[in-house]
1. For Cα pairs less than 8 Å apart in space and 6+ apart in sequence, what is the mean separation divided by the residue count of the chain, i.e. the relative contact order in percent?
2. Net charge near Cys244: determine it from the other residues with C-beta under 10 Å of the C-beta of Cys244, scoring Lys and Arg +1 and Asp and Glu -1.
3. What FRET efficiency would be calculated for the residue pair Met87, Trp280, taking the C-beta separation as r and a Förster radius of 22 Å, to the nearest 0.05?
4. At a threshold of 8 angstrom on Cα-Cα distance, excluding pairs fewer than six apart, so keeping six or more, what relative contact order does the range 150-307 reach in percent?
5. If the chain between Lys217 and Lys20 were fully stretched, how many nm would it gain, using 0.36 nm times the residue separation less the Cα-Cα distance?
6. In whole Hz and in residue order, list the ³J(HN,Hα) couplings for the range 120-130 that follow from phi through the Karplus curve 6.51 cos²θ - 1.76 cosθ + 1.60, θ = phi - 60°; x for Gly and Pro.
7. Output wanted: per-residue J couplings in Hz (rounded whole) for the range 291-307, from phi through Karplus 6.51 cos²θ - 1.76 cosθ + 1.60, θ = phi - 60°, x for Gly and Pro.
8. What's the ranking of 130-137, 79-86 by average number of surrounding C-beta atoms within 10 Å, highest first?
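The values are calculated or read from the model by the stated rules, or taken from the named source; none is laboratory data. No experiment lies behind these values; they were computed from the predicted model shown. Ideal geometry is used to build each Cβ from the backbone, glycine not excepted, and the neighbour counts take in all protein chains shown. The accessibility values were calculated without ligands, DNA or RNA, using every heavy atom of the protein model including side chains. Shrake-Rupley method; radii C 1.70, N 1.55, O 1.52, S 1.80 Å.
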Amino acid sequence: MVKVEVLDGRTRQQLCFLDKVEPHATIGEIKSLFHKSYQQLYPARQDLKLDPKGKSLRDDDVLQNLPVGTTATIYFKDLGPQVGWTMVFLAEYIGPLFIYLLFYFRAPYIYSQQDVFTSSPYSVVTLACACHTCHYIKRLIETIFVHRFSHGTMPLRTIVRNCVYYWAFSAWLAFYINHPLYTPPSYGDMQVNYALAIFVLCELGNFSIHVALNNLKAEGGPKCRKFPHPTKNPFTWLFFFVSCPNYTYEVGAWASFSVMTQCLPVALFTFLAFIQMTIWAKGKHKTYSREFKDYPHLRMPIIPLLL
């Protein structure tokens, strides 16, 4: 048996002492035991470490496999209120969907009173609204029916920050695209139609990749240790060249939307999204390369043959 002492990571004050814990107990089970003493600190809210400045312990870490003796000292940090990933994505995507429509239909107090509930004479404005709406409806459908989430959570303060980011950018770009003084792209219908075609292809590609990743998890279970491969779906052939084609297609969709609308706020949003998705893609690519010795060397994180 192992004695487990849980200390506050900041004050070093003893919070809980667990006597006679089984050596094969996991950190997740220790969190459940700690939760019994502090009902408000549910397991998802707990961050446990062997050193206050060290790495967080995973829920599946086994006590006897950790560098502890007969008495284990574990440091606790409160992560704050948590929200499940499904709720996170629903909150992030529902906002932009409805905010954009408020600007498209020119709801009161957005533009001048004479423009209330009027419509733009340019077809590109309607196309842009359709593309933006379909994009976020697709994301909501994927969140509900496609994505498979573990029991991971996100801090409530982080979801507020993310929602502000998505919602504010949606309002900013919608304000300019649907503005009564908006002018269509320089090259007219040709620019709009080509960009629209690329947008549709990228959206289909992004959806196809998400379905492929979902099928991979379904085949291998929650602890699947396989990396994705191209399938019979041509949109998944991008896996030959990049580790995260879902991000490649996502950037492509927003880049084409920028060209279609010729709107600077959309281009800025695309640029910032590209930076963030590149960081995520590099992290995923590094994980694949480290875990799988047979991982294809030709693959790049997000842009074929370049990045």
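1. 14
2. +2
3. Step by step, r from the Cβ atoms, then E = 0.60.
4. After rounding, I find 26 percent.
5. My answer for the length gained is 67.2 nm.
6. Going residue by residue, I get 6, x, 9, 5, 4, 5, 5, 4, 4, 5, 4 Hz, with x marking Gly and Pro.
7. Those phi angles translate into 7, 10, 5, 9, 5, x, 6, 6, 5, 10, x, 9, 10, x, 6, 10, 9 Hz.
8. Highest-to-lowest ranking by the protection proxy: 130-137, 79-86.
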